Amino acid sequence: MEYNVDVVEISRTITDIIDDHILVCNPDWQIIFSNKAMQHSLGYADMELKQKSLLEIITDIHINKAESFIKNVSEKPSALEEFLFNGKHGLTKLHVKILKKNNLLYIYGNEKHAEYERIKKRMDIEVKNAIKIHRRSLPERLPDTENISFASLYIPAQDLGGDLFDVFKVDNGLLNDYFDQYVCFVADVSGHGLDSAMLAIFVKDTISSYFKLKHIPGQVLSPKEIMNFFLEQYIKEGYPMEYLVCIFFAVFDLKTYELTYCNAGFHICPILVADKGNIIELNKGSFPVTTAIDFDFYNYEDHSLHLFPEMTLFIMSDGLPEQRFDNEFYEERLKNLITDIYNLKPVHIVKKIHDDFNDFVKHERINDDITLVVAKLS
C-alpha cells in the first residue's frame, strides 16, 4: 500500500516539537519562518513574526552587535551569542547561533543547551581549580637524607584522584637533636572524582592539624592516636556513609631504629624487604574510616617492627596491584619485580616499576588511582 508523504508537513511538525527556537530570514532580513518554540519565546504568532524583520525584534542596544555578527556569518554555524529580543510582552534573552545557506539566514538556539553550556563551563573552571588544589596538596619533594630516602609514584585515574600521600620529618622543636622521626602516610578515598579529591585533602589537613594542635615535642608518636584523632574529626564532619577512607600511617624512628604503623583499611599490605629471603607483609590492620560503621567498633592499634640497614618499604594503594590487562592482575608481576629491584635507590625503584607498569597495561585505560611510596634505609 502506498502513502502520499508530505515532506514539508513532516519537516514543519519536527521543527514545532523540538525545544530549539528557530527563525529563518530572507536576504533583506525579513522573517519568513518561525517555529513554535520561537513563537512561544517571543509571544508572537507565526503571521505576526512574518510581518517583521529581524532587526525589528532585536533591542536597540544589540542592533550594532547583530549587524556585525550577521555580516560575518557563513555556512559554518557561529559561536553561541546572547541577544535581547523585543518580545510581545517584554524583553526576552535568547542564546542563538547563526548560519547562512542558499542566501537565507538561520537563527537558532536552545536555552536548555545554553544553560548546560554555562553550567559545564563553570564546572570545568571549578574542576581545573580543584586539580590545582589537589596537586598542591601533594609533596613537591620527599626527604632524601644520609639515613633514609623516599620516592613516589602517583597516577590519577581521571583528572582528579582520590589518593593522597605525604612524607615529612617530625618537628620536635628544641629537642630535634634527640629525635630523628619521619612520618609517611598514604590515603585512598573511595572514588576518583571531585568529591574524592576534596575528601583526600581533608585527610591531609586533618593530619596536619594533629601535629599543630596535639603533638608535643618529645612525646611518643603514636600512629594509633593520629588515626583516632582523624576518625573523630571525620565523624564530626558527618560525611555520607557511602564514602570510605583507607589510610596507612607509618612512623620511622631512626634513633631507636623502629617502624611503628597503623593500618586503617589497606587490604594491599605494605611490603618490607630486607633481602630476597626476608620479605615481611605488614598485614595487621583494622576497618577503613566511614560513618557507616559505629564508632564503638573501631579499635586501632600500633604495630612495631625493628628496622635494619638497607631495608626497603613499599606502600601502595590498591590501584597499582589490582590493575588488569587481558584478565591478568599486575600484583604477581609487581611482587616478582620488587624482589629484583629492592636494593636500588627509591627513585630508581619507582622508575623501574613505572616503566614495567606501562609495559604491562600497554595503552589500556587505568582503572583506579595509583599511588606508590618507597622508603629505604641507608
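Miscellaneous remarks
- Val373 open to solvent by 30 Å² or more (accessible area, probe 1.4 Å), under 21 Å from Leu164 (Cβ atoms) and either outside any loop (DSSP other than H, G, I, E, B) or of a type outside the set (Val, Ile, Thr) (or both): no
- Tally of residues being assigned to a loop (DSSP other than H, G, I, E, B) and either charged (D, E, K, R) or open to solvent by less than 60 Å² (accessible area, probe 1.4 Å) (or both) across the stretch 1-16: 2
- Residues in the stretch 27-46 that are open to solvent by 10 Å² or more (accessible area, probe 1.4 Å) and either over 18 Å from Val8 (Cβ atoms) or of a type in the set (Asp, Glu) (or both): Pro27, Asp28, Trp29, Gln30, Ala37, Gln39, His40, Ser41, Gly43, Tyr44, Ala45, Asp46.
- Checked against the criterion of being assigned to a helix (DSSP H, G or I), at pLDDT below 95 and surrounded by fewer than 17 Cβ atoms within 10 Å (Cβ to Cβ), the candidates Lys212, Lys284 yield just one match: Lys212.
- Matching residues in the stretch 56-94 - criterion: being more than 23 Å from Arg118 (Cβ to Cβ), of a type in the set (A, V, I, L, M) and surrounded by fewer than 16 Cβ atoms within 10 Å (Cβ to Cβ): Ile63
- Hey, Asp19 touching a Ser or Thr at 6+ places or on another chain (Cβ under 9 Å) and either at pLDDT 95 or above or open to solvent by 60 Å² or more (accessible area, probe 1.4 Å) (or both) or not: no
- Selection count where residues are within 16 Å of Pro270 (Cα to Cα) and touching a Lys or Arg at 6+ places or on another chain (Cβ under 8 Å), scope the stretch 350-378: 1
Table: residues versus (1) polar (S, T, N, Q); (2) open to solvent by 30 Å² or more (accessible area, probe 1.4 Å); (3) free of Cβ contacts under 8 Å to residues at least 12 places away in the same chain.
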residue	(1), (2), (3)
Arg122	no, yes, yes
Ile125	no, yes, yes
Arg141	no, yes, yes
Tyr154	no, yes, no
Ala157	no, no, no
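- Selection within the stretch 356-371 - closer than 21 Å to Ile341 by Cβ and either without any contact (Cβ under 8 Å) to a residue 12 or more places away in the chain or of a type in the set (Asp, Glu) (or both): Asp356, Asn358, Asp359
- In the stretch 317-324, the condition of being on the phi > 0 side of the Ramachandran plot and within 25 Å of the chain's Cα centre (by Cα) is met by no residue.
- The set of residues in the stretch 346-370 being open to solvent by 20 Å² or more (accessible area, probe 1.4 Å), among the charged types (D, E, K, R) and on the phi < 0 side of the Ramachandran plot consists of Lys351, Lys352, Asp355, Asp356, Asp359, Glu364, Arg365, Asp368.
- Subset of the stretch 159-169 [modelled with pLDDT of 95 or more and either surrounded by fewer than 19 Cβ atoms within 10 Å (Cβ to Cβ) or polar (S, T, N, Q) (or both)]: Phe168, Lys169
Rundown of residues vs (1) assigned to a loop (DSSP other than H, G, I, E, B); (2) under 27 Å from Ile235 (Cα atoms), yes/no style:
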position: Ser152; (1), (2): no, no
position: Leu164; (1), (2): no, yes
position: Asp171; (1), (2): yes, no
position: Val183; (1), (2): no, yes
position: Asp188; (1), (2): no, yes
position: Gly191; (1), (2): yes, yes
position: Ser196; (1), (2): no, yes
position: Ile201; (1), (2): no, yes
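- Which numbered condition Tyr116 fails, given (1) among the aromatic types (Phe, Trp, Tyr); (2) in contact (Cβ under 8 Å) with a residue 40 or more places away in the chain; (3) part of a helix (DSSP H, G or I): (2)
- Subset of the stretch 195-213 [within 16 Å of Met227 (Cα to Cα) and of a type in the set (Asp, Glu)]: Asp205
The values are calculated or read from the model by the stated rules, or taken from the named source; none is laboratory data. Everything quoted here is computed from the prediction, not taken from an experiment. Glycine gets a Cβ as well: all are built from the backbone with ideal geometry, and neighbour counts include every protein chain shown. Just the protein is used for accessible areas: all its heavy atoms, side chains included, with ligands, DNA and RNA removed. Shrake-Rupley method; radii C 1.70, N 1.55, O 1.52, S 1.80 Å.
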